[in-house]
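Worksheet for the structure shown next.
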Amino acid sequence: MEAIDELISARWIIPIEPASVVLEHHTIAVKAGRILGVFPEANAQQRFTARTQTELPNHVVIPGLVNLHAHSAMTLMRGLADDLPLMKWLGEHIWPAEAKHVSPEFVYDGTLLAAAEMVRGGITCCNDMYFFPEDAGRAFAEAKMRAALGLIVIDFPTAYANDPADYLHKGLAMRDALKHEPLLSYCIAPHAPYTVGDKTFEQVVTLADELDLPIHLHVHETQDEIREGEAKYGARPLARLHRLGVLGPNLIAVHSVHLSPAEIEQYAALGVSVAHCPSSNLKLASGFAPTPALLEAGVNTGLGTDGAASNNRLDMFQEIRTAALCAKALSGRADVLGAMTALRMATLHGARALGLEKEIGSIEAGKSADLCAVAMDSLELTPCYHPASHLVYACAREHVSDVWVAGNRLLRNRQLTHIDQARLKAKAVLWQTKLMANA
Ligand SMILES: [Zn+2]
């Protein structure tokens, strides 16, 4: 008998890899934060003695969800301004509020609030882009959640940095300061083609190559962005980015709402990943990303929530369902983007985009034990014929019962184990008072 840390037995397990498999009455064996394997329940009991035995008799266990695009600290601006087009929303509300209030404390508190929300919704990894990423990193580390932190760069000054060189310098220092944190990884995060100039993109490409990091970038989010890019640079933003060497297998192209068939082919040929954020695109009236065509072309497409100011939920269950529904409506085909594909996008595709596909994204031997258990015994989920169908079309994040990151249980029967909720809420209310006083 091998002594291990935990045996997690569940009614169903959807490991994502192998694809489209639903295991019944199986057990996940966890040792030192890693998955040793998935076994039929009786086999696991014969083979292992575990310090902790977890029984989930009415639950489905899936890999922890990967939120491929977020601005976590914006939880503190949730609901501050809504029902506006993107540039008006950014220029007249979000950027002025950020200029007045964003600070290391704001980012730390806002990110911890986001981490608590995400863990409660089954999200175990978040690809984050915001100012003061070192403080975001400290919040994720305190929450014991996995995150990819963006070394953000914009051509104009903010409270965080003065110019592109200053942004990149601070980003590199952040990466150095947090290098002992095992759950943190990094992306170079140029904000968007309309906020970053050619020279900065050239530096971004060099740095991403040197450090072997993904590039996390908003691109082709709106028609206006494309028109303005054409007027200013004489080319569509993606053509300009290709000329600058930005397109490649390490690019996470966020939104990618407006793509020509040739641009979709180009993404596939160059191995670009997409972070599809359907709720944000719907709310800001950006349009419908061509997800069916992207998937058909073989483009690695993950899902993201975007920031809480533009969505307004950091809720991957909502994104999974919305992505599936929009793809069907857009293509006129109900058989497009089925439940298993939607779940794969929210897990393994996100992991692959971040270069973490060997570490997370599926329940396989050797991977980190980043897991999400969903209770299927509530009234609205009974009966359950196909757990994958329920996860995508019937469940909400409130059905998530337990969450592990690297074998560490962050949510136990809906209770956060590492975050003091009352203290976090009190801090959020303090920030609300500050933002309202200076609005
Ligand atoms: Zn965004």
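The values are calculated or read from the model by the stated rules, or taken from the named source; none is laboratory data. Since the model is a prediction, treat every value here as computed from it, not as a measurement. Positions of Cβ are generated from backbone atoms using ideal geometry, with glycine treated the same way; all protein chains shown enter the neighbour counts.
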* Considering only residues that are within 14 Å of the ligand (Cβ to nearest atom) and in a strand (DSSP E or B), look in region 50-81 and name the one that is surrounded by the fewest Cβ atoms within 10 Å (Cβ to Cβ). => HIS69
* Taking LYS328 and the conditions (1) under 21 Å from SER389 (Cβ atoms); (2) touching a helix residue (DSSP H, G or I) at 6+ places or on another chain (Cβ under 6 Å), which numbered condition does it fall short on, given that it satisfies the others? -> (2)
* To do: Return yes or no: is ALA32 at pLDDT 95 or above and farther than 30 Å from TYR108 by Cα?
  => no
* Asked: How many of the residues making up region 313-322 are of a type in the set (A, V, I, L, M) and within 16 Å of the ligand (Cβ to nearest atom)?
  -> 2
* Asked: Taking region 151-210, which residues are surrounded by 15 or more Cβ atoms within 10 Å (Cβ to Cβ) and among the β-branched types (Val, Ile, Thr)?
  -> ILE152, VAL153, ILE154, THR158, ILE188, VAL196, THR200, VAL204, VAL205
* Mind checking which residues of region 289-312 are touching a residue at least 40 places away in the same chain (Cβ under 8 Å) and either of a type in the set (Val, Ile, Thr) or within 16 Å of the ligand (Cβ to nearest atom) (or both)? -> THR291, THR301, GLY302, LEU303, GLY304, THR305, ASP306, GLY307, ALA308, ALA309, SER310, ASN312
* Of the residues ALA275, ALA269, which single one is of a type in the set (Gly, Ala, Ser) and within 13 Å of the ligand (Cβ to nearest atom)? -> ALA275
* How many residues are in a strand (DSSP E or B) and either more than 24 Å from the chain's Cα centre (by Cα) or among the polar types (S, T, N, Q) (or both) if we restrict to region 1-21? -> 11
* **Selected residue (criterion: farthest from the ligand (Cβ to nearest atom)) from residues of region 95-130 that are surrounded by fewer than 24 Cβ atoms within 10 Å (Cβ to Cβ) and part of a loop (DSSP other than H, G, I, E, B)** => SER103
* Working only within region 136-181, note down all residues that are out of contact with any helix residue (DSSP H, G or I) (no Cβ under 9 Å at 6 or more places or on another chain) and either assigned to a strand (DSSP E or B) or not charged (D, E, K, R) (or both). => ALA141, ALA148, PHE156, ASN162, HIS169, HIS180
* Asked: Given the conditions (1) surrounded by fewer than 19 Cβ atoms within 10 Å (Cβ to Cβ); (2) among the aliphatic types (A, V, I, L, M); (3) modelled with pLDDT of 95 or more; (4) not in a helix (DSSP H, G or I), and given that LEU411 satisfies all but one, which numbered condition is not satisfied?
  -> (1)
* To do: State all residues of region 370-400 that are over 22 Å from LEU314 (Cβ atoms) and in contact with a Phe, Trp or Tyr (Cβ under 7 Å, 6 or more places away or on another chain); if no residue qualifies, say none.
  => PRO387
* Structure fact -> Taking region 31-49 and the residues there that are touching a His at 6+ places or on another chain (Cβ under 9 Å) and buried (at least 17 other Cβ atoms within 10 Å of the Cβ), the one that is nearest to TRP404 (Cα to Cα) would be VAL38
* Structure fact -> The residue that is nearest to HIS69 (Cα to Cα), considering only those in region 252-273 that are part of a helix (DSSP H, G or I) and touching a residue at least 12 places away in the same chain (Cβ under 8 Å), is TYR267
* Which listed residue, of ILE4, ILE28, is closer than 23 Å to VAL400 by Cα and among the aliphatic types (A, V, I, L, M) -> ILE28
* Looking at (1) within 16 Å of the ligand (Cβ to nearest atom); (2) without any contact (Cβ under 8 Å) to a residue 24 or more places away in the chain, find the lone condition where GLY234 falls short. => (1)
* Asked: Can you tell me which of ALA365, ALA346 is touching a strand residue (DSSP E or B) at 6+ places or on another chain (Cβ under 6 Å), touching a residue at least 60 places away in the same chain (Cβ under 8 Å), more than 21 Å from ARG412 (Cα to Cα) and part of a loop (DSSP other than H, G, I, E, B)?
  -> ALA365
* To do: Tell me, yes or no, whether region 242-250 has at least one residue that is surrounded by fewer than 23 Cβ atoms within 10 Å (Cβ to Cβ), among the small types (Gly, Ala, Ser) and more than 14 Å from the ligand (Cβ to nearest atom).
  => yes
* Lone qualifier among HIS349, HIS418 - being away from the ligand (no atom under 16 Å from the Cβ) and modelled with pLDDT under 95 -> HIS418
* When LYS358 is evaluated against the numbered criteria (1) crowded, with 17+ Cβ neighbours inside 10 Å; (2) without any contact (Cβ under 8 Å) to a residue 12 or more places away in the chain, which criterion, by number, is the only one it fails? -> (1)
* Structure fact -> Here the residues within region 389-400 that are touching a residue at least 24 places away in the same chain (Cβ under 8 Å) and either over 14 Å from VAL61 (Cβ atoms) or surrounded by fewer than 20 Cβ atoms within 10 Å (Cβ to Cβ) (or both) are SER389, VAL392, TYR393, ALA396, ARG397
